[in-house]
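The values are calculated or read from the model by the stated rules, or taken from the named source; none is laboratory data. Being a predicted model, the structure only gives us computed values, none of them experimental. Cβ sites come from the backbone with ideal geometry, for glycine too, and all protein chains shown count toward neighbours.
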Amino acid sequence: MASLTPFHLAVPVYDLKETRAFYRDILGCPEGRSSDHWVDFNLFGHQFVIHLKPKERHESHHNPVDGHDVPVPHFGVVL
């Protein structure tokens, strides 16, 4: 069996509560860290993050994560 090379994918969502319930309750993804603006999930060994992005904003959006302004959406390799 090949080892998993995890990825990190963050996507914008308009309704954090509804989207959180979908990934947690319907898909069964375990939750990791979270804030009022984002939620980490374990998506089959990968890091999948939902970030709140209000509908009325059309410019790029950032959320605070560990003291940094993180752009939404974003994608990265887990090192």
Item to check | Sole exception among (1) of a type in the set (S, T, N, Q); (2) under 30 Å from SER3 (Cβ atoms); (3) out of contact with any Gly (no Cβ under 8 Å at 6 or more places or on another chain) for ASN63, by number | outcome: (2)
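Let's see how each residue does on (1) polar (S, T, N, Q); (2) over 11 Å from the mean Cα position of the chain (by Cα):
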| site | (1), (2) |
| --- | --- |
| THR5 | yes, yes |
| HIS8 | no, no |
| PRO12 | no, no |
| ARG20 | no, no |
| ARG24 | no, yes |
| GLY28 | no, yes |
| GLY32 | no, no |
| ILE50 | no, no |
Next on the checklist: Every residue in the stretch 16-35 that is part of a loop (DSSP other than H, G, I, E, B) and small (Gly, Ala, Ser), please.
Outcome noted: GLY28, SER35
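Go through the stretch 21-68 and report how many residues are among the charged types (D, E, K, R) and at pLDDT 90 or above.
Step one: filter the stretch 21-68 for residues among the charged types (D, E, K, R), giving 24-25, 31, 33, 36, 40, 53, 55-57, 59, 66.
Checking the rest, the ones that are also at pLDDT 90 or above come to 24-25, 31, 33, 36, 40, 66.
Number of matching residues: 7.
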Checklist entry - How many of the residues making up the stretch 36-57 are of a type outside the set (Phe, Trp, Tyr) and either surrounded by 14 or more Cβ atoms within 10 Å (Cβ to Cβ) or part of a strand (DSSP E or B) (or both)? => result 12
